[in-house]
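Asks: Quick one: the structure is below, questions incoming.
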Amino acid sequence: QVHLRSAERLRELCCANRGTFIKVGQHLGALDYLLPEEYTRTLKVLHSQAPQSTRQEIEQVIREDLGKEIKELFLSFEDTPLGAASLAQVHKAVLQDGRTVAVKIQHPKVQAQSSKDILLMEVLLLVVKQIFPDFEFMWLVEEAKKNLPLELNFLNEGRNAEKVAHMLKNFDFLKVPRIYWELSTRRVLLMEFMEGGQVNDRAYMERNGINVNEISRNLGKLYSEMIFVNGFVHCDPHPGNVLVKKCPVSGKAHIILLDHGLYQVLSESFRMDYCRLWQALIKADMKRVQKYSRRLGAGDLYPLFACMLTARSWESVNRGIDRSPVTASEDVEIRSNAAAYLPQITQLLNNVPRQMLLLLKTNDLLRGIESALQTRASASSFLNMSRCCIRAVSTYQRSKSHSLYRRAQISLAEALSLWQINLYELFLWLKGSQLGKLVIALLSQMHHST
């Protein structure tokens, strides 16, 4: 009851102050397995309750930034936004040459207000920390201070979109909207218009003949590649920013990645420790889980850290997180533990490297999507992570080796490990296929007859 009452007050505070407060509230609402459910459930509504700017305000921003009126730039411009967020809103429009575009326009007062909001939050949190020494939420202000200026510069968002599109060009299922630079500024971003169903909308996928497991698998591939291989991570994969659509020509399902304002760049040492920690978690190698958790700042709270990263119970972590799917009772246990261990969780969040904070949020948002699609903790997601970790560690080892023989040795070990994963994946596929079931039934019959 206390958690619920506090969460409702926090939501009202965010709605009243808008802008930066809503942004921070949304961040907290995404931490599904780290905060008590009363907070995450109550604050999640902030994703759909963001303020909207009026037509006059929108016209003012476009006039100031592009030097022209809406009617001079566009053949048509829809008054009702496609979506409104804490910092901006998006409108559908048609350019004079007939191209359909999405126009992202910043709320006019956000830029000026954001620095005052952060200062106010900092003062409030410092006062609370004096009264309650166990209250360790200063990382929230530190993150807002670092990330907000980047998010408020839409030119930065455009560069991120182009960088990730180039980085992941090998994934033909990924679509990133093209940026129209000639009509983009710090407060206005013009993009190619793309539409589709939200990635957590299982019913939409079934209606449109989209394979839910394929989407979940491809989303896992995308994020494993970003986190473990490239160290450049899109950190806001809430369902409104990740769309799916079936291509009418090829029949392939595309994942459309929107809103590229918030990215985390991982340092090489952090990325390697994180890779090795996930390898240890997948192999249930508890000595290495302890070693790399400590290296990432978890200290003696490494069992809690492992549970936070995987959203699994300590028993499941010890047994191997790829051995069994998440049960309803385990999910309830994890969520109730988020309330029971709140002081320790906040202490951990304060101690881990700042790079870890957005990764934890990203992990939780991806888990929420998997839960909605009912594909959580599938073997394929762990296999993809394993592949990316092996490739990342091998690339790092080769870069540090000066011996041709040693580099060849690393490449051979990498190829062997990847081959083993492919073989295991083939075994899992055969086991689940009709042919595999037939072979197993035949072998079982032969065994009984002998």
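Asks: What do you reckon, is R186 outside the structural domain of V352 (by the TED database), part of a helix (DSSP H, G or I) and of a type outside the set (A, V, I, L, M, F, W, C)?
Replies: When the stated conditions are applied, R186 does not pass them.
Asks: Where the second residue is exposed (fewer than 11 other Cβ atoms within 10 Å of the Cβ) and polar (S, T, N, Q) and the first is free of Cβ contacts under 8 Å to residues at least 12 places away in the same chain and lies in segment 5-16, which pairs have Cβ atoms under 9 Å and are six or more apart or on separate chains?
Replies: none
Asks: May I pose another question? Might you check whether a residue that is touching a helix residue (DSSP H, G or I) at 6+ places or on another chain (Cβ under 6 Å) and under 26 Å from M138 (Cβ atoms) occurs anywhere in segment 326-340?
Replies: yes
Asks: Take the conditions open to solvent by less than 40 Å² (accessible area, probe 1.4 Å), part of a helix (DSSP H, G or I), at pLDDT 90 or above and closer than 30 Å to P248 by Cβ and apply them to A203. Does it pass?
Replies: no
Asks: Can you confirm whether A338 is open to solvent by less than 10 Å² (accessible area, probe 1.4 Å), in contact (Cβ under 8 Å) with a residue 40 or more places away in the chain and either farther than 30 Å from K163 by Cα or not in a helix (DSSP H, G or I) (or both)?
Replies: Yes; evaluated as a whole, the condition is true for this residue.
Asks: If you don't mind, another one. Can you say whether Y204 is of a type in the set (S, T, Y) and closer than 21 Å to T375 by Cα, as far as the supplied structure shows?
Replies: Against the criterion (of a type in the set (S, T, Y) and closer than 21 Å to T375 by Cα), Y204 qualifies.
Asks: Any idea which of Q130, Q111, Q198, Q96 is open to solvent by 30 Å² or more (accessible area, probe 1.4 Å), closer than 15 Å to L257 by Cα and among the polar types (S, T, N, Q)?
Replies: The conditions single out Q198.
Asks: I need every pair where a residue in segment 147-165 that is within 13 Å of V233 (Cα to Cα) has its Cβ under 8 Å from the Cβ of a residue that is of a type in the set (V, I, T) and open to solvent by less than 40 Å² (accessible area, probe 1.4 Å), sequence separation at least 6 or different chains.
Replies: A161/V176; A161/I179; V164/V176; A165/V176
Asks: Return the residues of segment 304-321 that are touching a helix residue (DSSP H, G or I) at 6+ places or on another chain (Cβ under 8 Å), within 18 Å of Q279 (Cβ to Cβ) and surrounded by fewer than 20 Cβ atoms within 10 Å (Cβ to Cβ); say none if nothing qualifies.
Replies: Listed by number, the residues that qualify are V317, N318, G320.
Asks: It is to be established whether one or more residues within segment 111-125 are over 18 Å from M194 (Cα atoms), outside any strand (DSSP E or B), modelled with pLDDT of 85 or more and not assigned by the TED database to the domain that holds I22.
Replies: Within segment 111-125 (the criterion being over 18 Å from M194 (Cα atoms), outside any strand (DSSP E or B), modelled with pLDDT of 85 or more and not assigned by the TED database to the domain that holds I22), the answer is no, since none of the residues qualifies.
Each row is one residue, and each column tells you yes or no for (1) assigned to a loop (DSSP other than H, G, I, E, B); (2) at pLDDT below 80; (3) among the β-branched types (V, I, T).
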site: E370; (1), (2), (3): no, no, no
site: A377; (1), (2), (3): yes, yes, no
site: C389; (1), (2), (3): no, no, no
site: Y405; (1), (2), (3): no, no, no
site: S411; (1), (2), (3): no, no, no
site: L418; (1), (2), (3): no, no, no
site: F427; (1), (2), (3): no, yes, no
site: L443; (1), (2), (3): no, yes, no
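Asks: Also, quick follow-up: When segment 166-183 is examined, which residues are found to be in a helix (DSSP H, G or I) and in contact (Cβ under 8 Å) with a residue 12 or more places away in the chain?
Replies: M167, W181, L183
Asks: Quick one: in segment 309-326, of everything that is at pLDDT 75 or above, touching a Ser or Thr at 6+ places or on another chain (Cβ under 9 Å) and polar (S, T, N, Q), which residue is nearest to D364 (Cα to Cα)?
Replies: Residue satisfying both the conditions and the ranking: T310.
Asks: Being assigned to a loop (DSSP other than H, G, I, E, B), within 23 Å of R367 (Cβ to Cβ) and not acidic (D, E) is the filter here, so list the residues in segment 236-264 that pass it.
Replies: The answer is P237, H238, L258, H260, G261, L262.
The values are calculated or read from the model by the stated rules, or taken from the named source; none is laboratory data. For clarity, every value in this text was computed on a predicted model and none was experimentally measured. Note that each Cβ is placed from the backbone with ideal geometry, even for glycine, and that neighbours are counted across all protein chains shown. Heads up: the accessible areas ignore ligands, DNA and RNA and are worked out on the full protein's heavy atoms, side chains in. Shrake-Rupley method; radii C 1.70, N 1.55, O 1.52, S 1.80 Å.
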